[in-house]
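Rule-based calculations on the coordinates, nothing more; no lab input. Since this is a predicted model, take the numbers as computed values, not measurements. Heads up, the Cβs are rebuilt from the backbone with ideal geometry, glycines too, and the neighbour counts pull from every protein chain shown.
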Amino acid sequence: METYPYSLDSERQNGIPQGALTRHLWQSKIYEGSYREYFVYVPAQYDGSQLAALMVFQDGKSYVREDGDFRVPVVFDNLIHKKEMPLTIGLFINPGHHKSKLPVIPYQCSRRSWEYDDLSDQYARFLIEEMIPELQKNYTLADDPKMRAICGLSSGAICAFTVAWERPDYFHKVLSHIGSYTDIRGGHVYPALIRKSAKRDIKVFLQDGANDLDNRFGNWWLANQQMAAALAFRHYDYQFAGGTGGHDGKHGGAILPDSLRWLWADYLKNGSFG
């Protein structure tokens, strides 16, 4: 099995300004009776004078840890400083739980599968009607869907794809790590839907490994290949990064800087982020 070393973009560098990360709690109305933890990353360069891009992460706690697989705040600091991605505010949301006392491990939140594996527009509504308006009370975000990205791993990845699929008018960019495009709650239908449905204006980066899960819900590696084949068939703007890893964030974390460069390359090329 391959090993996936980190580049310097995933390490703290001398002289690179560090953004601020704050922790918050939220009680949802759309997911009535649910509680969740979320984090907000604000780049050091943000002063409110320009519109910021937005990137939303499901299973947020897994993405904000600087000693974890993804180290997003470190990567954001480095790439924003080098102008290899736009000035971006990060919204890192954990799944909901039925009690206000939250579990230490976000994957143990009681509502995770109900929220993430569902194929409806409910989670998109939760973001657009609740979480993002709360964020906009303090930060000025761009309205252009191409200035908005959404990311997740496993069930959080199919959740990210569903949000963009349901609301491409709001989210243009999807970053999917080890996505659960399997029959947990019907997600195995996506390759067929992509082939048969009107083409959405979305851009998708898929990552998975040949040693991902294989269980009664399906085979994750085959499912991700089917997703990639369907996106290719319909001429979507997509990338598929395949490896030999398992159901973890090691590969996705190691290639995160390049994944982000690819996601934002269209706007950077146009000079919109100056």
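Summary of values
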{"read-out": "Residue check, Ile202 buried (at least 24 other Cβ atoms within 10 Å of the Cβ), among the β-branched types (Val, Ile, Thr) and free of Cβ contacts under 8 Å to residues at least 60 places away in the same chain", "value": "no"}
{"read-out": "Asn215 touching a Phe, Trp or Tyr at 6+ places or on another chain (Cβ under 9 Å) and of a type outside the set (A, V, I, L, M)", "value": "no"}
{"read-out": "Selected residue (criterion: surrounded by the fewest Cβ atoms within 10 Å (Cβ to Cβ)) from residues of region 158-184 that are part of a loop (DSSP other than H, G, I, E, B) and among the β-branched types (Val, Ile, Thr)", "value": "Ile184"}
{"read-out": "Residue under evaluation Arg65, criteria (1) within 18 Å of the chain's Cα centre (by Cα); (2) in contact (Cβ under 8 Å) with a residue 40 or more places away in the chain, criterion not met", "value": "(2)"}
{"read-out": "Filtered residue count, region 38-62, keeping only those that are under 9 Å from Thr88 (Cα atoms) and without any contact (Cβ under 8 Å) to a residue 60 or more places away in the chain", "value": "2"}
{"read-out": "Matching residues in region 125-141 - criterion: being surrounded by 15 or more Cβ atoms within 10 Å (Cβ to Cβ) and either among the charged types (D, E, K, R) or within 16 Å of Arg167 (Cα to Cα) (or both)", "value": "Arg125, Phe126, Leu127, Ile128, Glu130, Met131, Ile132"}
{"read-out": "Residues within region 1-27 that are under 20 Å from the mean Cα position of the chain (by Cα) and of a type in the set (S, T, N, Q), tallied", "value": "2"}
{"read-out": "Unmet requirement for Ile80, which otherwise passes all of (1) surrounded by fewer than 20 Cβ atoms within 10 Å (Cβ to Cβ); (2) outside any loop (DSSP other than H, G, I, E, B)", "value": "(1)"}
{"read-out": "Test result for Pro73, within 30 Å of Gly209 (Cβ to Cβ) and under 14 Å from the mean Cα position of the chain (by Cα)", "value": "yes"}
